[in-house]
Amino acid sequence: MVSAQRRRGQVAKVWKTKIVTDRRGNHTRGADPDSPHIVRAAFIPQRSARAEVPGQQQINVTRMIVAAHLTDVDLWSRVEWNGRHWDIVTPPAYHHGTRHTRHWSLDIRERP
């Protein structure tokens, strides 16, 4: 039994990170565009700032809590949730506990 927040959470797509070789032979990291993973997660708003003046940027940051078995997710991964695309802005933090409560928390920022 997982935590109630994650069990009844919202559905999101997560594109895991993969290493890609470009035409010049350079190895770069990026979101794997081929196969998004569907996860159920809890979302907790962290901070936001509205664009008040032309030229400013609106900032929405939310904490995403997902199951511990999600792997290969880091700062280069992407998230689609609530009809919007999000970038991961802090390294994922692993929270160890019983097998029912262990999880990853990711801070995600809405793409402009």
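The values are calculated or read from the model by the stated rules, or taken from the named source; none is laboratory data. As the structure is a computational prediction, the values presented were derived from the model and not from experiment. FYI the Cβ positions are ideal-geometry reconstructions off the backbone, even for glycines, and counts take in every protein chain you see.
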Among the residues of the stretch 34-49, the number that are modelled with pLDDT under 85 and surrounded by 10 or more Cβ atoms within 10 Å (Cβ to Cβ) is 3
Those residues that are of a type in the set (Ser, Thr, Tyr), part of a strand (DSSP E or B) and within 10 Å of the chain's Cα centre (by Cα), I need them from the stretch 59-112; list them, please. 62, 105
Within the stretch 76-91, can you find the residues that are buried (at least 18 other Cβ atoms within 10 Å of the Cβ) and either aliphatic (A, V, I, L, M) or without any contact (Cβ under 8 Å) to a residue 24 or more places away in the chain (or both)? 79, 88
Scan (1) within 14 Å of residue 108 (Cβ to Cβ); (2) at pLDDT 85 or above for the single condition residue 59 breaks and write down its number. (2)
Restricting the stretch 1-32 to residues that are crowded, with 16+ Cβ neighbours inside 10 Å and assigned to a loop (DSSP other than H, G, I, E, B), which is modelled with the highest pLDDT? 16
